[in-house]
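Heads up, the thing below is written out as structure tokens.
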């Protein structure tokens, strides 16, 4: 067939084949051109606060921000599209970690310097109970004086 | 005009490869799978590094050797060197793929974009770009197989012979699926490709036999035990203990299951890693669009290849083979042998070389279809064009999806560095010495400095729908 068949082709079929792939190619071209121009297309997100990073489970960004000087014990703004209430909130990273029910993130924040004193612990335990985050309740209770 | 079409194909291949390479080089070095290997490469002698890959059912001395070699250039800039090598291998893979198609007219040039999408978007290719150890040896084998195909299809030259034999030896001593390089050379020669001589193919075959024989003579040689790793079976996954309990006395049924599943996985994207997830989710009413797209697009590619085989069958019976025929037959042999090699356990990435060669077969089949439609009746052309557009759309989604999944891998990998100490304790990796601590800290800091937006950011609103088509 290869040698015997005519070298022409069905252009309508070729177009049908090419159209979806051309759409992908435009995306690829944007990536490559942006890359060569020094931009970071499809990559760099907006800057996050520590609490926002916690809300989107970005453990590495939490650590990077804290190592860069961000205070893990103060309240930080969480933009409306990251918050469960869909309104801007100002919460601590630990509250954000409890909000998304991630024990490993609570542990990470404590390792990175977040303080769990008695008032903070009581507030976090109450919130974790509301969210049925039993593993977090157990962890926080272990850090306190006993189950409450 | 042929030159122009060839240039179009290579530009397309370069663009696609560079686009994915951009995402690949942004993945930080892994803690799991990479850090311990890096520490080993830095501290062990050449002999120890290579001997470490021999035993327990494996003969992979060059696995440690290659790592040692690259590490000689990587001290102090590990991420740049290893990620750069990964990106380079990816680009080489795509360019060798385009070269193997041998674009000679508009039809073959216009089939290349579909072929590249099939190569990069296949689920079997996923593991070659999402992870590294820190060199991805599966990708190395894919590159070696495509290089073998290119070597076979050219003017006979002594350098091709020498390169072909060296390629077989190097890849077989790196990972077991390296024998697929020999399969490519042998099938190409048997079907009339004379770029590599008969003597070179025979020499490579003798060396391969010696290596396979040597593997069985080594202490603990033979096949990996069932107790080594989990594997998919039926609608789920069995842990090593379960595998041992169920198949330990008579593992041959399990081996046969694995071989069949691995072959079907390339042809239909189902089962995946030995698990019939598409059927399971379909029956449960929880089928994700991504799985449907994968199965439909892979099946479409297989229909193309089957059509090509059927249309060429009468010519093949007279043992007359052209370039496109050879590519299809090489792919068929590679799928069979790669599946047979996978008998101990199933994993999609093990079939990456067969998947890449199968994409090559589907590419020439698509080109042949475009040529055939030039003389077909309009209603048939219209119907087939609609099907081709659906097929192309499916593979376009899969091509975009692999970019998304690589970015997801970057996010996960970066996060893993926050658990470095826990990982080291769990895997008994001592990081207390100053040199080890310095290397681990440097890699961790480098990973943390590579900002990767959380995929969760995209999972709100419209992004959530899109993601369902990607994973």
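The values are calculated or read from the model by the stated rules, or taken from the named source; none is laboratory data. Please read all numbers here as calculations on a predicted model, not as lab measurements. Every residue, glycine as well, gets a Cβ built from its backbone with ideal geometry; the counts of neighbours run over all protein chains shown.
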(message) With the requirement that a residue be in contact with a strand residue (DSSP E or B) (Cβ under 8 Å, 6 or more places away or on another chain) and farther than 17 Å from residue B:119 by Cα, what does segment B:254-277 give you?
(response) B:254, B:257, B:258, B:261, B:271, B:273, B:274, B:275
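Here is a yes/no grid of residues against (1) within 25 Å of the chain's Cα centre (by Cα); (2) closer than 28 Å to residue B:213 by Cα; (3) at pLDDT 90 or above:
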position	(1), (2), (3)
B:1	no, no, no
B:5	no, no, yes
B:12	yes, no, yes
B:19	yes, no, no
B:23	yes, no, no
B:28	yes, no, yes
B:32	yes, no, no
B:52	yes, yes, no
B:57	yes, yes, no
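If we scan segment A:97-108, do we find a residue that is more than 25 Å from residue A:141 (Cα to Cα) and more than 8 Å from every other protein chain (Cβ to nearest Cβ)?
Within segment A:97-108, none of the residues are more than 25 Å from residue A:141 (Cα to Cα) and more than 8 Å from every other protein chain (Cβ to nearest Cβ).
Conditions tested, residue by residue: (1) in contact (Cβ under 8 Å) with a residue 24 or more places away in the chain; (2) within 9 Å of another protein chain (Cβ to nearest Cβ); (3) assigned to a helix (DSSP H, G or I); (4) buried (at least 20 other Cβ atoms within 10 Å of the Cβ).
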position	(1), (2), (3), (4)
B:369	yes, yes, yes, yes
B:403	yes, yes, yes, yes
B:409	yes, no, yes, yes
B:430	no, no, no, no
(request) Give the residues of segment A:7-60 that are over 30 Å from residue B:375 (Cβ atoms), assigned to a helix (DSSP H, G or I), more than 7 Å from chain B (Cβ to nearest Cβ) and at pLDDT 85 or above, sorted by residue number. (result) A:50, A:51, A:52, A:53, A:54, A:55
(request) Quick one: which residue in B:253, B:278, B:308 is surrounded by 17 or more Cβ atoms within 10 Å (Cβ to Cβ), in contact with a helix residue (DSSP H, G or I) (Cβ under 8 Å, 6 or more places away or on another chain), in a helix (DSSP H, G or I) and without any contact (Cβ under 8 Å) to a residue 40 or more places away in the chain? (result) B:278
(message) With the requirement that a residue be more than 29 Å from residue B:343 (Cβ to Cβ) and in a helix (DSSP H, G or I), what does segment B:281-291 give you?
(response) B:284, B:289
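Looking only at helices (runs of 4 or more DSSP H) that fall completely inside segment B:106-193, which ones have 3 or more residues that are over 17 Å from the mean Cα position of the chain (by Cα)?
Details: elements: B:106-121, B:123-130, B:137-152, B:158-172, B:179-190.
Ranges flagged: B:106-121, B:137-152, B:158-172, B:179-190.
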(message) Against the conditions (1) in a helix (DSSP H, G or I); (2) modelled with pLDDT of 90 or more; (3) touching a helix residue (DSSP H, G or I) at 6+ places or on another chain (Cβ under 6 Å); (4) under 30 Å from residue B:344 (Cβ atoms), where does residue B:82 fall short? Just the number, please.
(response) (3)
(request) Among the residues of segment B:109-119, count how many are over 22 Å from residue B:349 (Cβ atoms) and within 9 Å of chain A (Cβ to nearest Cβ). (result) 4
(message) Out of everything in segment B:373-395 that is more than 7 Å from chain A (Cβ to nearest Cβ) and buried (at least 19 other Cβ atoms within 10 Å of the Cβ), what residue ends up being nearest to residue B:301 (Cα to Cα)?
(response) B:391
